[in-house]
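Structure, as structure tokens:
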Amino acid sequence: MLASISIFFYQNCSPFKSTSDYSSNSSESLSLLKCQPGDLRNPEASVLRRLNTFEIKNTLEDILTEKLNTTQKSQLTTIIEPLLQKIPQDEGFNSMSLLDQGVTFQHIEQYFLLGDGIGRYFQTNSAALSSLTGCATPTQESCVRDFISSVGSRLFRRPLTSEEITTYYSLFTASDLGYQNLITALLGSPHFIYHLEFGESFAQSTNEQKSVWLGPYERASR
């Protein structure tokens with residue numbers, strides 16, 4: 001069983017193309033079970049995986065409530081839970097399943113309402129906003145940019161580029177509802193909702209199909 005699991009994880013860079021190539025009694029086969037530099041096995045296309053409601057709930061709790069006091073956490077949870085329940089339930093076991101990847105208008109609407117509800121809470125609760133941002137004056141440019149960079153990188157599971165930070169800051173300054181619009185946009189972004197994998201570089205494989213190396217943040221998010 002252990003040998004089969006090992007081959008499952010290593011078959012794209014090992015001498016084995018399938019479990020039938022491996023003999024559990026062969027020490028020679030076991031010694032070959034290692035990655036060889038530059039050895040590509042034409043990996044399959046990466047599935048665009050969407051976070052399920054369980055993952056969204058845990059992410060929001062980890063990122064948005066860690067600096068809040070007990071009362072503020074309870075208030076925010078009261079807002080989040082009923083909104084999450086309105087998101088269509090996933091059919092698969094988890095976000096790795098191909099059965100739960102469809103997106104309907106109800107998904108889009110509820111993602112927006114979830115972000116808007118959370119954003120409105122912080123926009124109208126100055127004490128909670130100060131706790132979330134760690135700033136006495138959350139509307140200062142340096143505080144807003146730090147918030148976008150720190151919270152955004154955790155939501156997107158990667159660092160934001162300087163261009164992205166500037167774009168989200170422009171959204172913040174475009175309205176009196178700065179943090180409400182900002183949080184709504186971050187939580188409604190495909191970079192939060194999906195496990196997006198763009199990779200770092202391309203290499204030409206033997207069958208003329210392009211394979212891409214995943215970056216460290218993309219590998220860590222799998």
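Computed quantities for the displayed model
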{"quantity": "Number of positions in region 122-147 that are of a type in the set (D, E, K, R) and closer than 21 Å to E61 by Cα", "calculated": "1"}
{"quantity": "Any chance T104 is under 13 Å from L187 (Cβ atoms) and modelled with pLDDT under 95", "calculated": "no"}
{"quantity": "Single match in I7, I80, I87 (criterion: in contact with a helix residue (DSSP H, G or I) (Cβ under 7 Å, 6 or more places away or on another chain), of a type in the set (V, I, T) and modelled with pLDDT of 90 or more)", "calculated": "I80"}
{"quantity": "Filter result for Q106 (surrounded by fewer than 16 Cβ atoms within 10 Å (Cβ to Cβ) and within 26 Å of R50 (Cα to Cα))", "calculated": "yes"}
{"quantity": "Residue that is farthest from Q123 (Cα to Cα), among those in region 63-75 that are free of Cβ contacts under 8 Å to residues at least 60 places away in the same chain and part of a helix (DSSP H, G or I)", "calculated": "T70"}
{"quantity": "Check on S153, under 21 Å from Y194 (Cα atoms) and of a type in the set (S, T, Y)", "calculated": "yes"}
{"quantity": "Conditions (1) within 19 Å of I56 (Cα to Cα); (2) over 23 Å from the mean Cα position of the chain (by Cα); (3) polar (S, T, N, Q): number failed by S150", "calculated": "(2)"}
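The values are calculated or read from the model by the stated rules, or taken from the named source; none is laboratory data. Quick caveat: nothing in here was measured; it's all calculated off a predicted structure. Note that we place each Cβ from the backbone using ideal geometry, even for glycine, and neighbour counts take in every protein chain shown.
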